[in-house]
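In what follows, a single structure is set out as structure tokens and then discussed.
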Amino acid sequence: MIKPLADRVLVEPQEAQTKTAAGLYIPDTAKEKPQQGKVLATGPGKKDEPMEVKEGDIVLYGKYSGTEVTVDEKKYLIVKQSDILAIL
């Protein structure tokens with residue numbers, strides 16, 4: 001498994017919605033990049049900035065933040081703690 005360093009967080013992005021609240025299906029070309037996911041691992045934090053998120057939290061992050069990595073055909077996102085907007 002991936003072990004983040006410093007203030008980095010490993011997030012498993014949630015799947016993009018395929019259906020609207022009204023029941024309409026969204027085509028692949030119109031789907032937006034997911035902006036929330038589950039925290040799988042966190043780094044130890046920085047000396048002056050402790051980690052506020054923990055494993056298992058569901059978080060919202062910026063649309064274009066982080067670095068995508070693929071391990072065993074599964075996509076993950078590594079983001080800085082400062083790129084996380086909220087804990088749900």
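Data table
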quantity	calculated
Structure-derived Rg and Dmax of the Cα atoms in Å: which label, when the choices are (i) 11.6, 32; (ii) 14.0, 45; (iii) 14.3, 49	(iii)
Solvent-accessible area per residue for the chain (1.4 angstrom probe, square angstrom)	71
Where chymotrypsin sites (Phe, Trp or Tyr not before Pro) fall in DSSP loop in the range 12-88, at most 12 other Cβ within 10 Å	Tyr64
Under Karplus coefficients 6.51, -1.76 and 1.60, residue-wise ³J(HN,Hα) of the range 49-66 in Hz, glycine/proline x	9, x, 6, 9, 9, 9, 4, x, 5, 9, 10, 9, 10, x, 4, 10, 8, x
Partners for Lys74 among aspartates and glutamates (Cα-Cα distance below 16 Å; same-chain residues under 8 apart left out)	Glu12, Glu15
The chain - percent of accessible surface contributed by carbon and sulfur, probe 1.4 Å	51
Stretch in the chain that is longest and holds no trypsin sites (Lys or Arg not before Pro) that DSSP places in a loop and that have at most 14 other beta carbons within 10 Å	1-30
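The values are calculated or read from the model by the stated rules, or taken from the named source; none is laboratory data. Since the model is a prediction, treat every value here as computed from it, not as a measurement. Note: ideal-geometry Cβ built from the backbone for every residue, glycine included; neighbour counts use all protein chains shown. Heavy atoms of the whole protein, side chains included, go into the accessibility calculation; ligands, DNA and RNA do not. Shrake-Rupley method; radii C 1.70, N 1.55, O 1.52, S 1.80 Å.
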